[in-house]
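This report concerns only the one structure given below.
The values are calculated or read from the model by the stated rules, or taken from the named source; none is laboratory data. What you see is a predicted model; the values in this text were computed from it and never measured. Counting neighbours? That spans all protein chains shown, and the Cβs are built from the backbone with ideal geometry, glycine included. Surface accessibility is based on the protein's heavy atoms, side chains included, excluding ligands, DNA and RNA. Shrake-Rupley method; radii C 1.70, N 1.55, O 1.52, S 1.80 Å.
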Amino acid sequence: MNRKNRQNKKAKKVRFWNSLRFRVSAGLILTFGAGGIILCLTVQSQLNRSLTQRIEKDCNDLRMDSQIYSRQIFMMNGENNDEEGMIHCSRQILEELSRTEGRTLFLYTLDGILSASGPGELSSGIDSDSRITGTEAFSHALEGDAAFTMVFGSGNSCQVFFSSPVQVEGQNVGILAAVMDYSSVRRENQEILRMMVQVVCAGYLLSGLVVFFLLWSVTRPLKTLSQISGRISRTMKKEHTPIGNPLKDSPLLERKDEIGELASSYSRMMGTIELQFEKIQQDRDSIRSLMESRQEFYNNVTHELKTPLTTIQGYAQLLEDGGAEDAQFLEKSLGHILSESTRLHRMVVQLLEMGDRKADGTPTPVDLVALARSVAASMMPKAKRYGCSILVKGDGPLVTLGQGERLRQVLINLTDNAIKYGKQGGAIILDLRSGREQAVIQVINRGDPIPQNRLEEIFEPFCRIDKEYSRELGSAGLGLSICRKIIQEHQGTIRAFSHPDGINIFAVCLKLYRRQEAEE
């Protein structure tokens, strides 16, 4: 039960992963998710680009202002346009440039020596010039190029270290360095990005719910139609079971959309299939009745007469070939011939008396091991003609309740087939054993392998694997079908197995007869 439950759960999971609703939902959710991620990344990239552009503009404005103020202050103080003049005027230059808030300014000589620093040094947390002179931007400034370095810290902090040469009349007179704080701008950008992510997630969730309910409204009717198809398919496998029309009063027929049109077409189709199925059932019953009549006729006329004649003919041929010289064998052969001819006469009389009536009788206990040994003894002459031997395996008694003559006919027919269609010189084994409340008889021989797709077909009337060879042996293709009918009359089963190496097995299962159970 646990194994079956696990298999059912596994099957449900497979159906869920392969369902249209899951695949469409997953596809749309992945599409929306990818779109939201791309949108957020795009906004973040644009905000970072906007921040960079603002920093570049502020740095460029500061560089231009430094050139203008330096030239004006040099002219007002009558200083030369050199490094010494910059050192004398550095304090005035920084006072002019420091009027813009959020900056801490420094002036350095061309050798990188600090000349003066502007207000805001202590508030910015810079107590030395080591952080400025160690930046890559300051290195560029020493080489004559303006540059800035962005440093991001915890809490969305952002500081910019800017360094640029100070030029007066085209001559470098010093280096201007600035520390600018853009933490507030970065926090604003992060807040915008956070709001964007929240909006995208809300839209993503809303879209997912809308998609789910839309798909549910579409796939639920399809699932209903699928379940109806499954029930009808299972019903059609049963005999004499009306299919019906499950959609006759279904609310799906009242829908005005494509689902309603599909349900209406499906309902009309089911009505047509029901009519055709009833006709097929009637035709099948008629054909089955004809087949059963024909099978019964050949069963009573052909094989009921052929099997004892086969034994009589075998002993007669052996006697003709010189077996009469052996007195003991002669006596044994005449006994078998007399026994089989008597049984043949009895069957002919019964057929003439019964006509088309079914052969019946009172079931009696039958020892299958003794029956198999008797069949092996009677079929041994024919087996010797083909160079074969018959071996019976099984310790008796192995008893079933049935008609001994009918079961004998099955074993003779199976053994006869094994002799005719097996390899010459091979051994035919009649293996008898008991299973769970069953007696199992296996007729085993080596011959040409039977195609796997025909192992069930060979039990049908008039079926022959090799028609030409079967005609040469006088077979009409009814023996195995008669065997199956006899075994079914005894509430048993018969099956065929064939291995690629040529070992063919015909297995008969019959219910064991236990005297104690019968008495109870």
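Within segment 259-271, residues that are over 13 Å from Pro221 (Cα atoms) have Cβ atoms under 7 Å from residues that are open to solvent by 60 Å² or more (accessible area, probe 1.4 Å) and at pLDDT below 70 in these pairs: Ser267/Lys248, counting only partners at least 6 apart in sequence or on another chain.
Just to be sure before I move on: is Leu478 buried (at least 17 other Cβ atoms within 10 Å of the Cβ), farther than 20 Å from Leu391 by Cα and modelled with pLDDT of 85 or more in the structure I sent?
No; evaluated as a whole, the condition is false for this residue.
One residue is enough: does segment 269-276 have a residue meeting the conditions of a type in the set (Gly, Ala, Ser), modelled with pLDDT of 70 or more and closer than 23 Å to Gly387 by Cβ? No, every residue in segment 269-276 fails to be of a type in the set (Gly, Ala, Ser), modelled with pLDDT of 70 or more and closer than 23 Å to Gly387 by Cβ. Of the residues making up segment 381-405, those that are within 16 Å of Gln491 (Cα to Cα), more than 46 Å from the chain's Cα centre (by Cα) and outside any helix (DSSP H, G or I) number 4.
One line per residue, one yes/no per condition, for (1) open to solvent by 70 Å² or more (accessible area, probe 1.4 Å); (2) at pLDDT 65 or above:
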site: Lys279; (1), (2): yes, yes
site: Arg294; (1), (2): yes, no
site: Asn300; (1), (2): no, no
site: Thr311; (1), (2): no, yes
site: Gln328; (1), (2): yes, yes
site: Leu352; (1), (2): yes, no
site: Leu368; (1), (2): no, yes
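When segment 157-209 is filtered for residues that are aliphatic (A, V, I, L, M) and open to solvent by 70 Å² or more (accessible area, probe 1.4 Å), the ones remaining, listed by number, are Ile192, Met195, Val199, Leu205, Leu206, Leu209. Looking at segment 1-106, the helices (runs of 4 or more DSSP H) lying wholly inside it that each contain 3 or more residues that are at pLDDT 80 or above and touching a Phe, Trp or Tyr at 6+ places or on another chain (Cβ under 8 Å) sit at 20-77, 83-97. Those residues that are among the β-branched types (Val, Ile, Thr), open to solvent by 60 Å² or more (accessible area, probe 1.4 Å) and in contact (Cβ under 8 Å) with a residue 40 or more places away in the chain, I need them from segment 47-92; list them, please. Scanning segment 47-92 gives a single hit, Ile87. Count of segment 420-438 residues, restricted to those that are open to solvent by less than 60 Å² (accessible area, probe 1.4 Å) and under 40 Å from the mean Cα position of the chain (by Cα), is 1.
Looking at segment 406-420, is at least one residue over 30 Å from Pro449 (Cβ atoms) and either part of a helix (DSSP H, G or I) or at pLDDT 80 or above (or both)? No, that holds for no residue.
Yes/no per residue for (1) touching a Ser or Thr at 6+ places or on another chain (Cβ under 6 Å); (2) among the polar types (S, T, N, Q); (3) closer than 30 Å to Ala146 by Cα:
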| residue | (1), (2), (3) |
| --- | --- |
| Met180 | no, no, yes |
| Ala202 | no, no, no |
| Leu206 | no, no, no |
| Ser217 | no, yes, no |
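Tell me the residue from Asn413, Asn445, Asn417 that is under 14 Å from Thr310 (Cβ atoms), buried (at least 23 other Cβ atoms within 10 Å of the Cβ) and either touching a residue at least 40 places away in the same chain (Cβ under 8 Å) or touching a helix residue (DSSP H, G or I) at 6+ places or on another chain (Cβ under 6 Å) (or both), please. After applying the criteria, what remains is Asn413. Residues in segment 393-405 that are within 17 Å of Cys483 (Cα to Cα) and surrounded by fewer than 19 Cβ atoms within 10 Å (Cβ to Cβ): Leu401, Gln403, Gly404, Glu405.
Yes or no: Arg471 charged (D, E, K, R), open to solvent by 30 Å² or more (accessible area, probe 1.4 Å) and modelled with pLDDT under 65? When the stated conditions are applied, Arg471 passes them.
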